[in-house]
């Protein structure tokens with residue numbers, strides 16, 4: 001069963017990566033990043049479940065990670081709002097090489 | 001039960017797909033929140049109730065609230081706008097970078113799936129069980145977070161405080177927030193629920209010692225309570241003095257944690273090395289201050305800017 | 001399997017049926033007001049039955065009381081939420097659906 | 001072992017940041033007092049390392065390794081900490097003059113974020129635990145995002161957003177690699193893992209994922225695109241800190257991984273790939289720097305090229321020769337680059353305050369203090385290019401010597417070409433200084449402290465060349481990449 005969750009994590013990782021690369025909308029990029037993070041956490045916890053006996057250290061790591069992710073997401077969202085007020089658009093202009 | 005896992009996985013995949021390609025942002029955010037809730041179910045299936053609690057409260061709940069408040073601050077048209085089918089970037093630099101990523105990720109994912117076969121997952125569960133009695137708490141996750149790997153947790157609280165500092169550096173929000181609708185029902189409900197919230201927060205904090213819970217879910221419940229109070233229009237007036245106290249409440253969790261570690265060091269035990277008979281008490285003190293601070297920090301993140309008492 | 005188990009399971013199944021009908025209403029009803037109606041009414045009853053079923057199965061008074069608390073809290077939240085949604089919709093000028101002749 | 005040293009080094013700036021956040025202490029005071037305390041800590045650490053070295057380890061929390069986590073330090077860590085200290089303090093001094101002139105409203109937040117970044121960098125330089133490194137990376141990334149967006153200008157906000165997305169994605173790749181390693185061995189300590197790690201697909205994938213994540217953060221060639229805008233549009237002291245130290249810290253983490261944990265993998269082929277990434281970064285960064293019209297952008301692009309140069313250590317390392325010489329060269333190069341790069345950004349900042357812009361063609365004229373600024377720019381540029389007797393020269397010379405000893409002729413050619421390329425774009429920056437022009441009237445005065453700091457960093461970077469012999473002595477002639485696993 002844990003192998004199933006490991007593979008599920010891999011599938012979600014790939015989907016989130018695709019979204020992160022192809023979506024121009026910043027809110028969607030942020031959500032894709034969050035989903036990517038969730039998939040990494042799923043991977044860790046599935047590993048913890050595989051171990052005998054159950055290994056609580058990945059659980060603690062994921063708890064730490066969840067809090068860190070909320071903090072970064074909050075910053076990202078505020079940054080996104082500031083950008084929207086400035087440019088009126090939810091997308092980034094491509095990196096200018098000037 | 002295998003069927004249950006299969007359905008759960010399928011739903012997760014469908015929700016990710018919807019979140020990333022449904023036509024409007026509003027629908028995408030809804031799918032994202034549903035994804036978070038189902039992840040909480042997945043955590044329970046993987047025997048990680050601590051994470052399920054944190055995911056439901058922080059990962060899905062608070063992130064969802066953050067996303068919604070962001071959507072609310074965008075104009076209606078933007079939230080309902082369908083995906084524009086244009087490319088993300090242009091120019092040779094972009095295509096080089098994108099191509100590099102695609103190729104490497106494709107190769108990597110093949111290797112990744114193959115490497116899953118090799119994982120043995122020895123884990124530290126057994127080793128941890130032996131030392132758990134020395135940690136001062138009974139819940140192994142709390143023991144890891146606040147004793148065995150407490151340095152990570154100190155730095156994690158620092159990340160939260162830093163996020164508040166960054167959000168504040170990006171601008172101020174007018175205060176008190178104006179309410180468009182008068183919603184007597186919400187006010188009544190909040191009046192009824194606030195004590196319940198406080199009770200739940202306290203019980204989560206207390207339970208953390210021996211069962212899933214602890215400072216982070218408890219802080220998230222506190223933050224939820226204060227966000228509800230805000231939504232019901234129950235804002236306090238902000239004066240310089242209130243800001244002074246707010247700053248100290250925000251910083252308290254980190255300060256108590258670091259200063260506790262340092263005083264232990266100067267007492268001769270070593271940085272964050274709890275003497276065994278005091279470990280439980282010290283962890284409780286640290287957790288209480290961290291819980292209150294985390295509640296305040298999560299609320300500050302939700303507000304999304306430094307409260308400005310000149311604007312109110 | 002004891003009688004309590006069977007009774008509990010039956011209650012849970014009935015509760016799930018109520019959830020199903022509520023979801024059906026959410027998907028099929030014509031406007032926001034009727035949808036809320038379907039959702040809150042059927043789901044709250046469904047949840048009540050599931051809680052009752054689980055309480056019967058658990059066989060412990062403490063758990064039963066906790067489940068009762070869960071149900072009451074969800075009832076409160078659902079009632080308030082539904083009324084807030086309806087109120088907001090009303091103030092935005094969304095008219096209730098009427099049968100077209 | 002003195003337990004207080006790493007605590008003071010990491011939590012000194014952190015506590016200062018919290019105190020500045022609560023507005024009990026003024027930012028300048030806090031930064032300078034922290035600097036003083038850290039100086040004591042660093043001297044003590046240097047003494048301990050040279051007395052009991054090559055490696056020191058501590059166990060914060062007091063639990064033995066597979067359960068608890070460790071801090072570790074050798075002389076390279078000490079040198080990096082010292083460089084971080086110098087840039088952080090001189091950036092702070094520079095900001096005393098810069099903030100009132102350039103962005104008075106953001107000054108309050110600047111110091112908090114500055115101290116947070118400092119704490120994050122110090123924790124990364126001391127961390128031995130892979131997951132602790134992840135938390136440190138996130139702390140550093142978030143603080144850097146805040147610093148970049150401080151001016152709240154549209155371009156800065158866009159650069160911050162791009163940096164945010166890219167760097168957090170990098171962190172996630174890194175964490176995924178850590179998860180794979182943990183799934184194999186159930187350990188997170190670098191030295192403990194290095195003792196048991198062996199060839200295998202999962203380990204290889206972990207190595208690739210973690211390296212990719214860190215490459216993104218070090219801004220090397222195919223994933224460099226975020227750096228020029230982030231470092232070019234940020235406020236000057238921030239650009240200096242980001243280019244000189246933050247990127248270097250990410251490289252440091254990657255270097256530690258490859259010289260310790262993944263050392264078994266560092267065979268011919270992976271080293272070639274890492275070297276090729278370096279070569280591509282040298283070419284791309286150099287070419288772009290040649291095209292730039294603004295002084296600050298030249299300096300920003302040169303960071304990509306210079307870290308590309310530093311990456312050449314890996315192919316030289318595996319070539320049979322003098323591994324320790326390559327190692328010394330890298331250490332020296334990163335350290336000298338830090339001071340020189342800080343000085344270059346400071347100089348660009350001084351010039352743009354004086355002229356109101358930093359377009360190279362119009363920077364001519366302007367006497368008085370600007371002469372000193374140009375002198376500092378020239379000295380720092382000399383160190384970056386690698387002219388003797390600067391620190392940059394010593395670093396590049398050692399690396400070149402190691403390559404010659406190892407008969408890695410291809411990389412020798414690359415190094416010589418890279419030096420020429422660096423010379424030509426740095427010359428473009430300097431050209432304005434010695435083009436004859438009538439003195440411009442509308443030059444605004446530059447605060448003396450800014451000029452002094454600029455000159456100090458430049459001189460420091462050159463003077464490091466004279467410290468080559470003691471530095472070599474400290475680094476030692478034996479290459480011991482990791483502490484003993486038992487601790």
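In the range D:231-250, how many are modelled with pLDDT under 90 and within 15 Å of the chain's Cα centre (by Cα)?
Total satisfying the criteria: 1.
In this structure, does residue C:46 turn out to be at negative phi and either buried (at least 17 other Cβ atoms within 10 Å of the Cβ) or out of contact with any strand residue (DSSP E or B) (no Cβ under 9 Å at 6 or more places or on another chain) (or both)?
Criteria met by residue C:46.
For residue D:48, which of the numbered conditions (1) farther than 30 Å from residue D:156 by Cβ; (2) at pLDDT 90 or above; (3) part of a helix (DSSP H, G or I) fails to hold?
Condition not satisfied by residue D:48: (2).
Of the residues that make up the range D:47-56, is at least one farther than 24 Å from residue D:327 by Cα and without any contact (Cβ under 8 Å) to a residue 60 or more places away in the chain?
no
Would you mind telling me which numbered condition in (1) in contact with a helix residue (DSSP H, G or I) (Cβ under 7 Å, 6 or more places away or on another chain); (2) under 30 Å from residue D:285 (Cβ atoms); (3) surrounded by fewer than 24 Cβ atoms within 10 Å (Cβ to Cβ); (4) more than 7 Å from chain B (Cβ to nearest Cβ) residue A:2 fails?
Here residue A:2 clears every test but (2).
In the range D:60-92, which residues are within 14 Å of chain B (Cβ to nearest Cβ), in contact (Cβ under 8 Å) with a residue 12 or more places away in the chain and surrounded by fewer than 22 Cβ atoms within 10 Å (Cβ to Cβ)?
D:64, D:65, D:66
How about the range A:14-33: which of its residues are surrounded by 24 or more Cβ atoms within 10 Å (Cβ to Cβ) and more than 7 Å from every other protein chain (Cβ to nearest Cβ)?
Result: A:30, single match.
Quick one: which of B:168, B:175 is buried (at least 24 other Cβ atoms within 10 Å of the Cβ), touching a strand residue (DSSP E or B) at 6+ places or on another chain (Cβ under 8 Å) and farther than 19 Å from residue B:284 by Cα?
B:168
With the condition kept exactly as written, say whether any residue in the range D:221-230 is part of a helix (DSSP H, G or I), over 21 Å from residue D:275 (Cβ atoms) and at the interface with another protein chain (Cβ under 9 Å from one of its Cβ atoms).
Checking the range D:221-230: at least one residue is part of a helix (DSSP H, G or I), over 21 Å from residue D:275 (Cβ atoms) and at the interface with another protein chain (Cβ under 9 Å from one of its Cβ atoms).
For residue B:276, state whether it is touching a helix residue (DSSP H, G or I) at 6+ places or on another chain (Cβ under 7 Å) and more than 10 Å from chain D (Cβ to nearest Cβ).
yes
Filter the range B:133-165 down to the residues that are more than 20 Å from residue B:260 (Cα to Cα) and within 7 Å of chain A (Cβ to nearest Cβ), then identify the one that is surrounded by the most Cβ atoms within 10 Å (Cβ to Cβ).
The residue in question is B:163.
Select, from A:53, A:58, the only residue that is at the interface with chain B (Cβ under 7 Å from one of its Cβ atoms) and either part of a helix (DSSP H, G or I) or surrounded by fewer than 24 Cβ atoms within 10 Å (Cβ to Cβ) (or both).
A:53
Go through B:295, B:291 for me and flag whichever is within 17 Å of residue A:73 (Cα to Cα) and either modelled with pLDDT of 90 or more or within 26 Å of the chain's Cα centre (by Cα) (or both).
Criteria check complete, one pass: B:295.
Is it the case that residue D:373 is surrounded by 24 or more Cβ atoms within 10 Å (Cβ to Cβ) and under 18 Å from the mean Cα position of the chain (by Cα)?
No, not satisfied.
Any residue at all in the range B:68-76 that's in a loop (DSSP other than H, G, I, E, B) and either facing chain A (nearest Cβ under 7 Å) or surrounded by 20 or more Cβ atoms within 10 Å (Cβ to Cβ) (or both)?
Within the range B:68-76, one or more residues are in a loop (DSSP other than H, G, I, E, B) and either facing chain A (nearest Cβ under 7 Å) or surrounded by 20 or more Cβ atoms within 10 Å (Cβ to Cβ) (or both).
For the range B:260-283, name all the residues that are on the phi < 0 side of the Ramachandran plot and crowded, with 18+ Cβ neighbours inside 10 Å.
Correct list: B:260, B:261, B:264, B:265, B:271, B:273, B:274, B:279, B:282, B:283.
Select the helices (runs of 4 or more DSSP H) contained entirely in the range D:267-336, then report the ones holding at least 3 residues which are modelled with pLDDT of 90 or more.
Answer list for the range D:267-336: D:268-291, D:295-311.
Which one of these is over 23 Å from the mean Cα position of the chain (by Cα) and in a helix (DSSP H, G or I): D:64, D:100, D:60?
So the residue among D:64, D:100, D:60 that is over 23 Å from the mean Cα position of the chain (by Cα) and in a helix (DSSP H, G or I) is D:100.
Taking the range D:199-218 only, how many residues are modelled with pLDDT under 90 and more than 10 Å from chain B (Cβ to nearest Cβ)?
1
For the range D:20-50, which residues satisfy the criterion of being within 14 Å of chain B (Cβ to nearest Cβ) and out of contact with any helix residue (DSSP H, G or I) (no Cβ under 6 Å at 6 or more places or on another chain)?
Across the range D:20-50, the qualifying residues are D:23, D:24.
Just to confirm my filter: which helices (runs of 4 or more DSSP H) fall fully inside the range D:105-198 and include at least 1 residues that are surrounded by 24 or more Cβ atoms within 10 Å (Cβ to Cβ) and facing chain B (nearest Cβ under 10 Å)?
It comes to D:107-126, D:130-148, D:154-185.
Across the range B:10-34, which residue is farthest from residue A:33 (Cα to Cα) among those that are in a helix (DSSP H, G or I) and in contact (Cβ under 8 Å) with a residue 24 or more places away in the chain?
Out of the qualifying residues, it is B:11.
The values are calculated or read from the model by the stated rules, or taken from the named source; none is laboratory data. Owing to the predicted nature of the structure, the values given are computational and were not obtained by experimental measurement. Here Cβ is always computed from backbone atoms with ideal geometry, including for glycine, and neighbour counts include all displayed protein chains.
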